[in-house]
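Following: one structure in structure tokens, then a few remarks.
The values are calculated or read from the model by the stated rules, or taken from the named source; none is laboratory data. Remember, it's a predicted structure, so these values are computed and weren't measured experimentally. Note: ideal-geometry Cβ built from the backbone for every residue, glycine included; neighbour counts use all protein chains shown.
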Amino acid sequence: MKQLQNFIDGAFRGSDKTFDKRSPVTNKVVAKVAEASRADVDAAVSAAKRALTGPWGRMTLAQRTELLDALAKEMMRRFDDFVATEAEDTGMPGHISKHVFVPRGAANFQVFADVVKNVPTEFFEMVTPDGKGAINYGVRRPVGVVGIVCPWNAPLLLMTWKVAPALACGNTVVVKPSEETPQTALLLAEVMNAVGIPPGVYNVVNGFGPDSTGEFLTTHPDVDAITFTGETRTGAAIMKAAATGARPVSLEMGGKNAGIIFADCNLDATIEGVLRSCFGNTGQVCLGTERLFVERPLFDKFVATFKAAAEKLKLGTPEDDHATMGPLISQEHRQKVLSYYAKAVEEGATVVTGGGVPDMPAELAEGAWVQPTIWTGLPDTAAVVTEEIFGPCCHISPFDTEEEVIRRANNTRYGLSSSIWTNDLARAHRVAAAIEAGIVWVNAWFLRDLRTAFGGSKQSGIGREGGVHSLEFYTELKNVCIKL
Ligand code: NAD
Ligand code: 6OD
């Protein structure tokens with residue numbers, strides 16, 4: 001049995017208390033994880049604070065970014081280890097970890113190393129009463145110790161999406177991975193040591209949220225800023241914790257995103273894209289589309305074609321090269337998703353496909369498997385149409401006009417993303433402008449240029465990260481005014 005530890009001040013450390021990490025594929029315990037106590041979190045934060053003024057704090061920008069480039073290269077050298085570890089933690093099919101999540105983990109370090117090297121400096125000349133003038137220039141400084149609280153759905157991608165800009169800007173970090181997915185953060189710790197990131201710069205504390213590691217970290221007075229990805233309710237609790245000491249927060253939270261499909265779309269490309277946006281990573285993607293709106297003339301054909309495509313998805317293990325969908329993360333999450341499957345029927349949905357538990361081979365029978373599921377026939381007020389389920393499911397409604405679909409798509413407390421499928425460019429612009437969300441894709445989904453702003457509006461998020469936008473959170477901009 002694997003024993004997973006915490007990583008504090010450059011060293012792996014155990015703890016008195018452990019918890020079980022189970023495989024989503026079989027539900028068997030695959031590791032015992034050290035749960036970081038308040039004292040462990042304190043040690044991690046203290047190490048991070050010391051590291052700010054140690055060799056890390058004295059490095060030039062060039063030295064720091066060189067280390068981050070080396071880190072990305074070392075991650076790619078250990079590509080197979082990251083793929084296997086992410087697979088064991090999440091059960092996701094190999095094609096997702098190999099082609100998206102692990103390469104993105106490494107790319108995050110390269111991109112933010114480039115961003116900080118190329119950030120322009122603010123400079124203003126001013127006139128003074130004595131006629132001699134003054135100059136002003138902006139200097140970016142790290143904010144300090146950054147607490148990073150992570151979810152389980154894309155562990156390496158989402159953790160490095162925060163760790164990379166934090167380190168690129170010269171901060172030090174204490175990471176709290178999800179209790180469901182502790183492993184890739186620890187593998188990254190090995191990589192940090194291998195490339196010579198000084199002790200204390202990157203720390204990992206494992207555990208749960210309330211009354212546990214997450215709360216100890218976010219309430220710690222020496223954590224200078226907190227960045228979080230996860231559920232909206234948790235984000236609100238973290239914001240409250242951050243209010244003590246008036247610390248800044250960056251929150252990436254839940255979504256109930258709309259896919260809007262016009263009758264003039266390229267149907268094959270749309271089906272392919274929407275299949276990913278509904279069922280990719282077993283629907284456990286914050287940007288996923290659990291609400292589809294299809295223009296009425298295409299509705300019946302779309303539903304039939306989409307059903308056929310969903311029924312071709314193949315459930316399987318990460319080692320199965322033909323698998324296109326894995327299990328959910330845990331039995332607990334499966335219960336939640338299945339409760340929505342039952343609720344949809346109670347509320348009068350037509351179940352187009354799925355709606356239950358698939359037959360799996362005996363050795364996988366205890367895994368967190370559910371069927372990909374499509375519903376039609378519900379009003380926009382139904383629970384499965386309004387609440388984030390975070391499973392492989394969607395509801396499809398017909399619509400008649402552009403104004404109607406904009407109103408219905410925006411009729412949600414969330415505002416993370418939306419995707420519009422049409423060949424009419426002017427309409428694409430109009431609808432994209434009217435949608436209340438942080439990200440709108442046209443004829444695409446989850447197509448990411450890491451220099452762009454990423455984040456949610458309404459209850460999906462606070463702040464933007466990505467490219468230079470990350471600097472707003474991970475640095476303090478200081479103005480220096482020199483009288484000439
Ligand atoms: P979660 O909110 O349950 O947990 C996220 C993290 O917060 C975990 O590490 C957990 O231990 C910790 N936590 C929980 N309560 C805490 C507390 N009181 N104080 C401190 N830490 C606490 O989310 P999850 O179930 O891991 O992830 C799924 C959710 O994440 C979905 O809602 C999804 O939409 C959202 N998500 C959003 C984005 C985005 O970019 N907007 C990306 C991925 C996932
Ligand atoms: O691509 C990203 O940067 C990002 N944060 C993706 C989020 C995926 C949510 O599941």
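Can you tell me which residue among 303, 345, 351, 357 is of a type in the set (Val, Ile, Thr) and either buried (at least 18 other Cβ atoms within 10 Å of the Cβ) or not assigned by TED's automatic domain parsing to the domain that holds residue 370 (or both)?
303
Going through the range 375-394 one residue at a time, which ones are in contact (Cβ under 8 Å) with a residue 40 or more places away in the chain and not in a loop (DSSP other than H, G, I, E, B)?
Those that are in contact (Cβ under 8 Å) with a residue 40 or more places away in the chain and not in a loop (DSSP other than H, G, I, E, B): 376, 383, 384, 385, 386, 393, 394.
Which residue is surrounded by the fewest Cβ atoms within 10 Å (Cβ to Cβ), if the candidates are limited to the range 361-370 and must be in a loop (DSSP other than H, G, I, E, B) and touching a residue at least 24 places away in the same chain (Cβ under 8 Å)?
Among them, the one singled out is 366.
Check the range 260-276 and report whether any residue there is in contact with a Phe, Trp or Tyr (Cβ under 6 Å, 6 or more places away or on another chain), assigned to a helix (DSSP H, G or I) and not assigned by TED's automatic domain parsing to the domain that holds residue 402.
No: zero hits.
Within the range 65-93, track down each residue that is farther than 22 Å from residue 167 by Cα and touching an Asp or Glu at 6+ places or on another chain (Cβ under 9 Å).
81, 87, 89, 90, 92, 93
Condition test on residue 482, is it more than 16 Å from ligand 1 (Cβ to nearest atom), of a type outside the set (Lys, Arg), over 27 Å from residue 327 (Cα atoms) and assigned to a helix (DSSP H, G or I)?
no
Within the range 16-68, track down each residue that is without any contact (Cβ under 8 Å) to a residue 60 or more places away in the chain and touching a strand residue (DSSP E or B) at 6+ places or on another chain (Cβ under 9 Å).
16, 17, 18, 20, 29, 30, 32, 43
I'd like the residue in the range 191-217 that is of a type in the set (Gly, Ala, Ser), closer than 27 Å to residue 253 by Cβ and touching a helix residue (DSSP H, G or I) at 6+ places or on another chain (Cβ under 7 Å) and, out of all such residues, is nearest to ligand 2 (Cβ to nearest atom).
Only one residue tops the list, namely 209.
Give the range 442-456 a look and list any residue that's free of Cβ contacts under 8 Å to residues at least 60 places away in the same chain and away from ligand 2 (no atom under 15 Å from the Cβ), or say none.
Result: 442, single match.
From the residues in the range 238-277 that are farther than 30 Å from residue 403 by Cα, out of contact with any helix residue (DSSP H, G or I) (no Cβ under 8 Å at 6 or more places or on another chain) and free of Cβ contacts under 8 Å to residues at least 60 places away in the same chain, which one is surrounded by the most Cβ atoms within 10 Å (Cβ to Cβ)?
Top of the filtered list is 247.
Does the range 317-360 hold any residues that are free of Cβ contacts under 8 Å to residues at least 24 places away in the same chain and in a helix (DSSP H, G or I), and which are they?
332, 335, 339, 342, 345, 346
With respect to the numbered conditions (1) more than 14 Å from ligand 1 (Cβ to nearest atom); (2) on the phi < 0 side of the Ramachandran plot; (3) in contact with a Ser or Thr (Cβ under 8 Å, 6 or more places away or on another chain); (4) touching a residue at least 40 places away in the same chain (Cβ under 8 Å), which one is the sole condition not fulfilled by residue 439?
(1)
From 119, 83, which residue is touching a helix residue (DSSP H, G or I) at 6+ places or on another chain (Cβ under 9 Å) and assigned to a helix (DSSP H, G or I)?
Testing whether each residue is touching a helix residue (DSSP H, G or I) at 6+ places or on another chain (Cβ under 9 Å) and assigned to a helix (DSSP H, G or I) leaves just 83.
Just to be sure I understand, how many residues within the range 6-28 are part of a loop (DSSP other than H, G, I, E, B) and surrounded by fewer than 21 Cβ atoms within 10 Å (Cβ to Cβ)?
Residues meeting the conditions: 9.
Since residue 186 meets every condition but one in (1) in the same structural domain as residue 52 (by TED's automatic domain parsing); (2) more than 19 Å from the chain's Cα centre (by Cα); (3) more than 11 Å from ligand 1 (Cβ to nearest atom); (4) assigned to a helix (DSSP H, G or I), which condition does it not meet?
(2)
Just the residues that are in contact (Cβ under 8 Å) with a residue 40 or more places away in the chain, not aromatic (Phe, Trp, Tyr) and not in a loop (DSSP other than H, G, I, E, B), please, taken from the range 201-227.
Matches in the range 201-227: 203, 204, 213, 214, 217, 218, 225, 226, 227.
I need the full set of residues from the range 408-433 which are in contact with a helix residue (DSSP H, G or I) (Cβ under 9 Å, 6 or more places away or on another chain), outside any loop (DSSP other than H, G, I, E, B) and of a type in the set (D, E, K, R), in order please.
427, 430
I'd like to know if the range 218-231 contains one or more residues that are polar (S, T, N, Q), surrounded by 23 or more Cβ atoms within 10 Å (Cβ to Cβ) and within 16 Å of ligand 2 (Cβ to nearest atom).
Looking through the range 218-231, at least one residue is polar (S, T, N, Q), surrounded by 23 or more Cβ atoms within 10 Å (Cβ to Cβ) and within 16 Å of ligand 2 (Cβ to nearest atom).
Restricting the search to the range 232-271, which residues are within 16 Å of ligand 2 (Cβ to nearest atom) and among the polar types (S, T, N, Q)?
Selection gives 232, 234, 250, 257.
What strands (runs of 3 or more DSSP E) lie completely within the range 125-183 and have 2 or more residues being basic (Lys, Arg) and closer than 30 Å to residue 483 by Cα?
Hits in the range 125-183: 134-142.
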